[in-house]
1. Given the criteria closer than 25 Å to THR28 by Cα, open to solvent by 50 Å² or more (accessible area, probe 1.4 Å) and out of contact with any His (no Cβ under 9 Å at 6 or more places or on another chain), does GLN128 qualify?
2. Identify all residues within the stretch 93-108 that are modelled with pLDDT of 90 or more and within 20 Å of GLU42 (Cβ to Cβ); write none if there are none.
3. Residues that are within 12 Å of the chain's Cα centre (by Cα), closer than 26 Å to LYS133 by Cβ and modelled with pLDDT under 90: does the stretch 11-28 have at least one?
4. Being farther than 30 Å from LEU124 by Cβ and open to solvent by 100 Å² or more (accessible area, probe 1.4 Å) is the filter here, so list the residues in the stretch 3-42 that pass it.
5. When residues of the stretch 43-78 are filtered for being surrounded by 15 or more Cβ atoms within 10 Å (Cβ to Cβ), touching a strand residue (DSSP E or B) at 6+ places or on another chain (Cβ under 7 Å) and not aliphatic (A, V, I, L, M), how many remain?
6. Within the stretch 54-96, work out how many residues are hydroxyl-bearing (Ser, Thr, Tyr), outside any strand (DSSP E or B) and more than 14 Å from the chain's Cα centre (by Cα).
7. Do we have any residue at all in the stretch 87-104 that's hydroxyl-bearing (Ser, Thr, Tyr), loosely packed, with under 11 Cβ neighbours inside 10 Å, touching a Lys or Arg at 6+ places or on another chain (Cβ under 9 Å) and within 30 Å of ASP130 (Cα to Cα)?
8. Applying the selection to the stretch 104-121, what residues are more than 19 Å from VAL89 (Cβ to Cβ), free of Cβ contacts under 8 Å to residues at least 60 places away in the same chain and charged (D, E, K, R)?
Amino acid sequence: MSKIKIALFTLVLIAGAVAAWVFIPTHTSLGPQMSSTPIGEEFSLVGYKIISTDRKLNKLNQYFLIANGSELGDSDPILTTSDQFLRVVSVKDNTFKLSVKGRIEQYRNDIWVEKSDGTAHHWLASMQSDYVK
């Protein structure tokens, strides 16, 4: 009788471990700040390393456009890429151009940035990508 209980308990434990592995989502958070590049006089493009439970996501970086003197808060990233050395090629009016050499996971080109005084500023981003696998 006790062998049947041990076998049944082992099967339940294995089934629970498999279910946890399948259904628990990956968790990502921002790691250390890698870069900060000024965009115009009042804004900065800030890059952070991603720390994740998924190994392939640990190689990615997220870049945010924020107003100088304001917190990152719950801003959405404008770019998620494997490139650590993102370059800002040009800044003109409310547009800027980026040069990316790494794999691109996510990109937004229409950006609204809230300043610390509560006003919002509109930016358009363009990108030149030279990724070769």
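1. Against the criterion (closer than 25 Å to THR28 by Cα, open to solvent by 50 Å² or more (accessible area, probe 1.4 Å) and out of contact with any His (no Cβ under 9 Å at 6 or more places or on another chain)), GLN128 does not qualify.
2. Across the stretch 93-108, the qualifying residues are THR95, PHE96, LYS97, LEU98, ARG108.
3. Yes, the stretch 11-28 contains at least one residue that is within 12 Å of the chain's Cα centre (by Cα), closer than 26 Å to LYS133 by Cβ and modelled with pLDDT under 90.
4. The answer is LYS3, ILE4, LYS5, ILE6, LEU8, PHE9, LEU11, LEU13, TRP21, PHE23, ILE24, HIS27.
5. Qualifying residue count for the region: 12.
6. Residues meeting the conditions: 1.
7. Scanning the stretch 87-104 turns up at least one residue that is hydroxyl-bearing (Ser, Thr, Tyr), loosely packed, with under 11 Cβ neighbours inside 10 Å, touching a Lys or Arg at 6+ places or on another chain (Cβ under 9 Å) and within 30 Å of ASP130 (Cα to Cα).
8. GLU105, GLU114, ASP117, listed by residue number.
The values are calculated or read from the model by the stated rules, or taken from the named source; none is laboratory data. Since the model is a prediction, treat every value here as computed from it, not as a measurement. Note: ideal-geometry Cβ built from the backbone for every residue, glycine included; neighbour counts use all protein chains shown. Surface areas here come from the heavy atoms of the whole protein model, side chains and all, with no ligands, DNA or RNA. Shrake-Rupley method; radii C 1.70, N 1.55, O 1.52, S 1.80 Å.
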